[in-house]
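Report on one structure; see the data block that follows.
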Amino acid sequence: MIRVHLMVRGRVGGTWLDVDEQIKVPVGTTLADFITHVGKRGIPLAEAIETSPHLAHTLMWNGDRCPVDESSGRALADGDQIYLLSPLAGG
């Protein structure tokens, strides 16, 4: 098993998400697998990406922007950090 740090913060659709967890997944888990796995744990990461398409292009993996469609088959490693921070607007 490996540990991946997941942080999701911000308004997505009509919901405010505030997730900051270490998630254990099997070695060889891809980004797509991870998104499915956390969904089964009640973290709506897939829904966030689907309902706010810009988030699919602003996902951060270890501090680098990582578009989901281009990286879904990439395997995670122990200690990786996945962040999805919804942009805020106001005035």
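Selection over the range 25-45 of residues that are loosely packed, with under 15 Cβ neighbours inside 10 Å and either more than 16 Å from ARG3 (Cα to Cα) or without any contact (Cβ under 8 Å) to a residue 12 or more places away in the chain (or both) gives a count of 4.
Scanning the range 21-56 for residues that are modelled with pLDDT under 90 and part of a loop (DSSP other than H, G, I, E, B), we see that the one that is farthest from ASP78 (Cα to Cα) is SER52. On the stretch given as the range 32-65, residues that are in contact with a strand residue (DSSP E or B) (Cβ under 6 Å, 6 or more places away or on another chain) and of a type in the set (Lys, Arg) total 0.
I'd like to verify a number: residues in the range 73-91 that are at pLDDT 95 or above and not aliphatic (A, V, I, L, M), how many? Explain how you work it out, then say what you get.
Taking the range 73-91 and keeping what is at pLDDT 95 or above, we get 73-82.
So of that shortlist, the ones also not aliphatic (A, V, I, L, M) come out as 73-74, 78-81.
Of the residues in the range 73-91, 6 are at pLDDT 95 or above and not aliphatic (A, V, I, L, M).
Selection of the range 4-49 for residues being in contact with an Asp or Glu (Cβ under 6 Å, 6 or more places away or on another chain) and among the β-branched types (Val, Ile, Thr) yields only VAL4.
The values are calculated or read from the model by the stated rules, or taken from the named source; none is laboratory data. Computed from a prediction, not measured in an experiment: that's the story for all the values here. FYI the Cβ positions are ideal-geometry reconstructions off the backbone, even for glycines, and counts take in every protein chain you see.
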